[in-house]
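**Q** Okay, here's the structure, questions in a sec.
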Amino acid sequence: MKFKVFDSYDEISAYSAELLAEVVKSKEDAVLGLATGSSPVGMYKELIKLNKDGKLDFSKTKSINLDEYIGLEGTHDQSYRYFMNTNLFDHINIDKKNTFIPDGTVEDLLDGAKKYDELIESLGGIDVQVLGIGPNGHIGFNEPADELKMNTHVAELTEETIKANARFFASEKDVPTEAVTMGVGPIMKAKKIILIASGANKAWAIKSLVDDVITTKIPATLLKLHPDVTVVLDKEAAGML
Ligand code: GLP
């Protein structure tokens, strides 16, 4: 696991965009595993800039997202589909038909989850997976638990995650309590992983990445078993290293 510590969020974003751009350039139909949250927003802005400047082409690129809240339509301004469209897809030359996000509104969520795994399989897996990290060490919505799931599943959000995500909603009670998330299987099978973290509230979770323990109670610690992870962070998030 490589750690890259920067002074500012802008530097984190530029560096992460460079790593992702390398993959897009090296394989025209690359499959990008994408994440939502505040951590990758700056990186998406950089990618938009590269695309607008004609330096990066997404016309054949495919993307698959980690997760989606249950019950929010793609048009809801807090849905992850809306997030991806407005923060990235609407501004680059990616074909929206090649962008995949779990659907949290289907009636049969189990069937939806199974189909999502089949989709990941049919895409041939993920070339590069972008991850944020929850303050409790969650990745995607794989929350701390006695067991973690390999495959896409319905996840109940922990109180800590609901609190952490309440800042995006009118109030805490508006935060959905469940989500559909990719399991840890496809994440760990991604060829390359870029984990982005900024701010002191991530310092504890980041420290767990260097401690000599792998535990489902801190899902991100599994990443220690992956051969190609770059953790891109600011001094605050690196504060306990
Ligand atoms: C959310 C998402 C995660 C994300 C995390 C961190 O709960 N499900 O995929 O990585 O929170 O978000 P942020 O980057 O806003 O701190």
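The values are calculated or read from the model by the stated rules, or taken from the named source; none is laboratory data. Fair warning: this is a prediction, and the values are worked out from it, not measured in the lab. Cβ coordinates were reconstructed from backbone atoms using ideal geometry, including for glycine residues, and neighbour counts include every protein chain displayed. Side chains are part of the model used for accessible areas, which takes the heavy atoms of the whole protein and leaves out ligands, DNA and RNA. Shrake-Rupley method; radii C 1.70, N 1.55, O 1.52, S 1.80 Å.
**Q** Over all alpha-carbon pairs of the range 49-166, lay out the pair-distance distribution in 10 Å bins, whole %, shortest bin first.
**A** 12, 40, 36, 11, 1
**Q** L195's amide H: which non-local residues (gap 5+, or another chain) put their own amide H closer than 5 Å, with H modeled 1.01 Å from N in plane and none for Pro or chain starts?
**A** The answer is L131, T230, V231, V232.
**Q** Using a 10 Å cut-off on Cβ atoms, rank the peptides 13-26, 205-218 from the highest mean neighbour count down.
**A** The packing order, highest mean first, is 13-26, 205-218.
**Q** I'd like the Karplus ³J(HN,Hα) series for the range 27-35: coefficients 6.51, -1.76, 1.60, θ = phi - 60°, whole numbers in Hz, and an x wherever there's a Gly or Pro.
**A** Running phi through 6.51 cos²θ - 1.76 cosθ + 1.60 with θ = phi - 60° gives 8, 5, 10, 4, 9, 9, x, 10, 10 Hz.
**Q** Set the Förster radius R0 to 30 Å, insert the Cβ-Cβ distance between D7 and W204 as r into 1/(1 + (r/R0)^6), and round the FRET efficiency to 0.05.
**A** Here the calculated transfer efficiency is 0.90.
**Q** Picking from P102, P227, P144, which is most flexible by a Gaussian network model of the chain using Cα springs under 10 Å?
**A** P227
**Q** Rg (Å, one decimal) plus Dmax (Å, integer) for the alpha carbons of the range 1-82?
**A** 14.0, 38
**Q** Still on this structure: Using a probe radius of 1.4 Å on heavy atoms only, what accessible surface per residue do you get for the chain? Whole Å² is fine.
**A** 46
**Q** Could you identify which residue out of F89, F58, F169 has the top mean-square fluctuation in a GNM of the chain using Cα springs shorter than 10 Å?
**A** Ranking F89, F58, F169 by mean-square fluctuation puts F169 first.
**Q** Moving on. Which three semi-axes in whole Å describe the equivalent ellipsoid of the chain, each the square root of 5 times a Cα gyration tensor eigenvalue, listed largest first?
**A** 23, 23, 18
**Q** Report the full-extension gain for the segment D77 to S171: residue separation times 0.36 nm, less the Cα-Cα distance, to one decimal in nm.
**A** Numbers: separation 94, 0.36 × 94 = 33.84 nm, distance 1.42 nm.
Full extension of this stretch gives 32.4 nm more.
**Q** Oh, and also: Extension gain H226-K96, at 0.36 nm per residue separation less the Cα-Cα distance, in nm?
**A** Additional length available on full extension: 43.8 nm.
**Q** Using only DSSP helix segments of four residues or longer, with each worth -39500 (n - 2.57), what per-residue ellipticity at 222 nm results for the chain after dividing by its residue count and rounding to 500?
**A** Value at 222 nm, helices only: -8500 deg cm²/dmol.
**Q** Can you compute the radius of gyration and Dmax for the range 195-235, using only the Cα atoms, both in Å?
**A** Gyration radius and largest Cα-Cα distance of the range 195-235: 10.0, 27 Å.
**Q** Continuing with the same structure: Which ³J(HN,Hα) values, rounded to whole Hz and listed in residue order, are derived for the range 215-226 from phi using the Karplus coefficients 6.51, -1.76 and 1.60 in 6.51 cos²θ - 1.76 cosθ + 1.60 with θ = phi - 60°, glycine and proline given as x?
**A** 9, 5, 6, 9, x, 4, 5, 4, 4, 4, 8, 8
**Q** Between K163 and K217, what is the label-to-label distance in nm when each label sits 7 Å out along the Cα-to-Cβ direction?
**A** Each label point lies 7 Å from its Cα, and together they span 1.8 nm.
**Q** Right, next: In whole angstrom, and with the biggest value first, how far do the Cα coordinates of the range 129-241 range along each principal axis?
**A** 38, 33, 23
**Q** Going through the range 34-130, which trypsin sites (Lys or Arg not before Pro) have at most 16 other Cβ atoms within 10 Å and a DSSP loop state?
**A** K55, K60
**Q** How large is ³J(HN,Hα), in whole Hz, for each residue of the range 179-191 in order, when computed from phi with the Karplus curve 6.51 cos²θ - 1.76 cosθ + 1.60 and θ = phi - 60°, using x for Gly and Pro?
**A** In residue order, the calculated couplings are 8, 9, 9, 4, x, 6, x, x, 5, 5, 8, 4, 5 Hz.
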